[in-house]
Amino acid sequence: MTADSNPALLDTEGIKGTAATDDPALAGPSARGPRARNTRAYLQYVAGKLGGAAVSLFAVLVTSFFLFRLIPGDPVKQMTGGKRVSAEQLAAMRKEFGLDQPVMTQFFDYCGNALTGDFGTSYQFHAPVIDKITDALPATLLLTGTAFVLYTLIGVWLGTRTAWRNGGLGDRVHTGLALTLYSVPSFWLGLLLIITFSVGVGPIPGLFPTGGLESGGETGIAYVIDVAHHMVLPVVTLVAVGYAQTLLVMRSSLLDEMGSDYLTTARAKGLRDDLVRRRHAVPNAMLPTVTLMFVNLGTVVAGAILVETVFSWPGLGGLFYAALSVPDLPLVQGLFFVFSAAVILMNTLADVIYPLLDPRVGR
């Protein structure tokens, strides 16, 4: 009996044919299939992270206002430099800077102005806070940005090699050195470098300046060389501490990957050891290091307050220290918000990118 002479058989075959072509599972991913669900889940994940970042920024705004008002001392009296000032003059200064208003009135005014990028006027410099920040930002980016690139490259490279040769002499030496440098306070290491290589100790002459960005009076290529000469010791200080942290994280991540089955399979297929490391082990071990890199990238804007202070570097760190000594409340608040916002934004960016590197995240 043929299909043409049996309508029931014809209908059954027709139904089967339709099912085979209309079933989404058999027809492949569609606009309403797994790919759309993954995209929707990722967008929800990103929205959650952005919402968390907004809440964190508001919390920083509140903290930056109230925290620094706990610093002892009257900023108005500090601005007079210890000179005799009448009560009327002090009252006029407080009115000029809005310090005569109730605290909550000052807070709401501060939040409203901060949303437009206006952090007020510096007490000691008598200039807009945002102008002082933008003036000092290039010096900080130059110093900490250079150090970030160097210690990231060195830390990832050495962390990979020490983990791959776990237990060898090189691993023990580099790991021990990294643990030591990671435990050393950066300002203390900076002071040691100044004493040794700027002042000079014994047969070691003073090779580098004790601080500052430039000597002054140089132009063109001579100016570039002069700035680079001043950068050597502060960059070495930041690199010594930063590379140690990157090395330890990269080494730990790669050691966790080295016992995985996929590496054994890659070796069983005849791949060379260096290919197994570069193509398989390192990309998977890089995920925690990428997160650390974004966190460190956020601190590039924040600068290194202690290191910049020790080396008299004219960046945001030195500006923050100078503002705390008054205390210059608008400048301290503005710098604190910028520092925190940079870290929060970089952490959020890391969270957003992480699922693209590891699809298991955000599901």
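The values are calculated or read from the model by the stated rules, or taken from the named source; none is laboratory data. Everything quoted here is computed from the prediction, not taken from an experiment. So basically every Cβ, Gly included, is an ideal-geometry build from the backbone, and we count neighbours across all protein chains shown. Only protein heavy atoms, including side chains, enter the accessible area calculation; ligands, DNA and RNA are left aside. Shrake-Rupley method; radii C 1.70, N 1.55, O 1.52, S 1.80 Å.
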- Any idea which of VAL241, VAL235 is on the phi < 0 side of the Ramachandran plot, modelled with pLDDT of 90 or more and of a type in the set (A, V, I, L, M, F, W, C)? VAL235
- Query: Here are some residues: LEU297, LEU292. Which one is closer than 20 Å to THR162 by Cα and within 21 Å of the chain's Cα centre (by Cα)?
  - Reply: LEU292
- Message: Please verify whether ARG84 is open to solvent by 70 Å² or more (accessible area, probe 1.4 Å), modelled with pLDDT of 70 or more and closer than 28 Å to PHE337 by Cβ, treating the condition exactly as stated.
- Response: no
- Note on the structure: Expected single match for in contact with a helix residue (DSSP H, G or I) (Cβ under 7 Å, 6 or more places away or on another chain), more than 18 Å from THR121 (Cα to Cα) and at pLDDT 75 or above among ALA27, ALA20, ALA53, ALA47 is ALA53
- Query: Regarding THR219, is this residue at pLDDT 90 or above and of a type in the set (S, T, N, Q)?
  - Reply: no
- Message: From the list ASP226, ASP256, ASP261, exactly one residue is in contact with an Asp or Glu (Cβ under 7 Å, 6 or more places away or on another chain) and of a type outside the set (Lys, Arg). Which is it?
- Response: ASP226
- Query: Which of (1) touching a helix residue (DSSP H, G or I) at 6+ places or on another chain (Cβ under 9 Å); (2) open to solvent by 50 Å² or more (accessible area, probe 1.4 Å); (3) at pLDDT below 70 is the odd one out, the single condition TYR42 does not satisfy?
  - Reply: (3)
- Matching residues in the range 292-339 (open to solvent by less than 10 Å² (accessible area, probe 1.4 Å), under 29 Å from LEU247 (Cβ atoms) and modelled with pLDDT of 85 or more) number 7
- Message: For the range 323-346, which positions are farther than 17 Å from ASP135 by Cα and among the aromatic types (Phe, Trp, Tyr)?
- Response: none
- Query: What number of residues within the range 103-112 are farther than 13 Å from PHE66 by Cα and open to solvent by 70 Å² or more (accessible area, probe 1.4 Å)?
  - Reply: 1
- Query: Can you list the helices (runs of 4 or more DSSP H) found entirely within the range 118-216 that contain at least 1 residues being open to solvent by less than 60 Å² (accessible area, probe 1.4 Å) and without any contact (Cβ under 8 Å) to a residue 60 or more places away in the chain?
  - Reply: 169-183, 186-193
